[in-house]
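Reviewing the structure listed below.
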Amino acid sequence: MALIISSLLELADELINFFKKQYGVQDSFLRGSLVTEKWDDNSDIDIDINVFGVDNGQFAK
C-alpha cells in the first residue's frame, strides 16, 4: 500500500505543477485523503485549482 500511496503522491505533484503553468491558474494544491493521510483502497487524487478572475467555462475548455 505504501508504494501505491507514494505513486499517487508523485502523480499528484506532477499534475499540480502542470496546472500551475496553465493560463489563468492562480494556485493548485492537493486536498482530500492523501493530505489527511486517511486514504484507503478506493482513494483518488483531489486537486483544488484556483482560477479566480477567469471564466471557469473558458478554463475548462
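Of all residues in segment 21-33, those that are surrounded by 10 or more Cβ atoms within 10 Å (Cβ to Cβ), modelled with pLDDT of 90 or more and not polar (S, T, N, Q) total 6. Within segment 38-56, the set of residues being at pLDDT below 90 and of a type outside the set (A, V, I, L, M) comprises Trp39, Asp40, Asp41, Asn42, Ser43, Asp44, Phe52, Gly53, Asp55, Asn56. Residues of segment 1-49 that are more than 8 Å from the chain's Cα centre (by Cα), assigned to a helix (DSSP H, G or I) and among the small types (Gly, Ala, Ser): Ala2, Ser6, Ser7, Ser33.
Applying the set (1) closer than 16 Å to Leu8 by Cα; (2) assigned to a helix (DSSP H, G or I) to Gly57 leaves exactly one unmet item: (1). Take Asn42 and decide whether it is within 20 Å of Phe59 (Cβ to Cβ), among the polar types (S, T, N, Q) and free of Cβ contacts under 8 Å to residues at least 12 places away in the same chain. Criteria not met by Asn42.
The values are calculated or read from the model by the stated rules, or taken from the named source; none is laboratory data. Everything numeric in this text was worked out from a predicted model, so none of it was measured. Glycine also receives a Cβ, built like all others from the backbone with ideal geometry; neighbour counts cover every protein chain displayed.
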